[in-house]
Amino acid sequence: MNDIKTLVGQRIKTIRKNRKYTQEQLAELIGIEPQSLSYMETGKFSPSPDTLQKLGEVLKVQPYEFYYFEQISEKVDVIKRDKKFLKIVYNLYKSMQYDLGK
């Protein structure tokens, strides 16, 4: 299992890339050197609470979200393969539509 510094770093990198920032752009926006951001993303060292707050502000996430490590897409794939579960969700959805008069 990866250590927490590596996991946090991977999360920062994933969110940064989803927001279409380069390391250089993000580092400049939060006031650190690009190499420092690189070290954070590779787990060489941990960001300080102040840096996490700045990252959160720029990336538009709460600082605690950098500690969400589970892959949501993996869970979605499992759900997609479970036909019985999908049928239950669909029926629930349809009954809610009916109850709401849609």
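The values are calculated or read from the model by the stated rules, or taken from the named source; none is laboratory data. In this text the structure is predicted, and so the values were computed from the model without any measurement. Cβ: placed from backbone, ideal geometry, glycine included. Neighbour counts: every protein chain shown. For the accessible areas, the whole protein counts, side chains as well, though only heavy atoms, and no ligand, DNA or RNA atoms are used. Shrake-Rupley method; radii C 1.70, N 1.55, O 1.52, S 1.80 Å.
Phi angles across region 33-42 convert, under the Karplus curve 6.51 cos²θ - 1.76 cosθ + 1.60 with θ = phi - 60°, into 3J(HN,Hα) values of 6, x, 5, 5, 5, 4, 4, 5, 5, 8 Hz, Gly and Pro given as x.
Estimated from the Cβ-Cβ distance and a Förster radius of 35 angstrom, the FRET efficiency linking Lys5 and Ile88 is about 0.30. Computed in the context of the full set of protein chains, the accessible area of region 6-69 at 1.4 Å probe radius has 48% of its extent on carbon or sulfur.
Using a cutoff of 8 angstrom between alpha carbon atoms and counting only pairs six or more residues apart, the relative contact order for region 1-55 works out to 44 percent.
Annotation note: trypsin sites (Lys or Arg not before Pro) in region 1-57 located in DSSP loop regions with a Cβ neighbour count of at most 14 within 10 Å are Arg19, Lys20, Lys44.
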